[in-house]
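Participant: Pasting in a structure now, in structure tokens, and then I'll have a few things to ask.
Laboratory data are not the source of any read-out in this text; all were calculated from the coordinates shown. Since this is a predicted model, take the numbers as computed values, not measurements. Ideal geometry is used to build each Cβ from the backbone, glycine not excepted, and the neighbour counts take in all protein chains shown.
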Amino acid sequence: MGGGEILPPSYKRVDKNMKNPDKNSKSKIKEAREERGWTQEYLASIVGCSRGHLNLIENNERNLTLKLAKKVAYALSLKIEDL
């Protein structure tokens, strides 16, 4: 987006430095994982993703795919909608 474009009044630019409002709340995945005494590395190995990717998901910096959500929910004995 160049500096000379005209944007509709309803358009809001996203400030990449703005904090995600959900970022400070503990994710359901993290809560369930910690309740079981599991590390991120352990859960990641069960569901087939990297620890770093799981960390981004737990910190609301990445969204779950449906495929990964199913695996995480199954591993943690939760319903997908509870994630």
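Participant: Sum up the charges of everything whose Cβ sits under 12 Å from the Cβ of Leu78, counting Lys and Arg as +1 and Asp and Glu as -1, but leave Leu78 out.
Facilitator: +2
Participant: Once phi is turned into θ = phi - 60°, what whole-Hz ³J(HN,Hα) does the Karplus curve with 6.51, -1.76 and 1.60 give for every residue of the stretch 60-65, x standing for Gly and Pro?
Facilitator: For the stretch 60-65, the Karplus-derived couplings read 6, 9, 9, 9, 7, 7 Hz, x marking Gly and Pro.
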